[in-house]
Amino acid sequence: MPDQTVPTTVWYRITPQRALRIFGETIAWAWAIVAGGGGFGLILTEGPLPLTHGWYAMFSGLAWCPATAWLLKRTARIELSYLTRFLIAALIILAGRIALIVKIWPFG
């Protein structure tokens, strides 16, 4: 006879930590679609050169994308935290903004 005193975990119970994780992953997917897709679209319409035409946005979107984290974890056994992925994406965008300000070839 199964033990009836042990509570079972309900899959739909949303804790604050789980809600925060779902919110963060949703933001990461949105950034991947908007920045990554927008950067790729800019490369298609404006051409690949100079390198600021969408490259930084596209790679920033790829860096924060949850699918990229899943692929790295599955194939290369590299596990990146949410904060690490966010910081990498932010640094890529920052590098692109600096390249636009400095305007050195082949970036400007």
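Helices meeting the span-like rule in the chain (full DSSP H runs, Cα extent of at least 24 Å along the helix axis, mean Kyte-Doolittle score of 0.5 or higher): 82-102. Comparing Pro48, Pro66, Pro16, which has the greatest mean-square fluctuation in the GNM of the chain with Cα pairs linked when under 10 Å apart? Sorting by GNM fluctuation, first place goes to Pro16.
The residues Trp55, Trp70, Trp64, when put in order of fewest to most other Cβ atoms within 10 Å, stand as Trp70, Trp55, Trp64. Per residue of the chain, the DSSP helices (runs of n ≥ 4 H) give a summed -39500 (n - 2.57) that works out to -18500 deg cm²/dmol at 222 nm. Shape analysis of the chain yields a ratio of the Cα radius of gyration to the Kirkwood radius, Rg/Rh, of 1.21. The region of the chain that goes longest without hitting one of the trypsin sites (Lys or Arg not before Pro) in a DSSP loop, each with at most 10 other Cβ atoms within 10 Å, is 14-76.
Where a number appears in this text, it was derived from the coordinates with a stated rule and is not lab data. Everything numeric here is computed off the predicted structure, so don't read it as measured data. Heads up, the Cβs are rebuilt from the backbone with ideal geometry, glycines too, and the neighbour counts pull from every protein chain shown.
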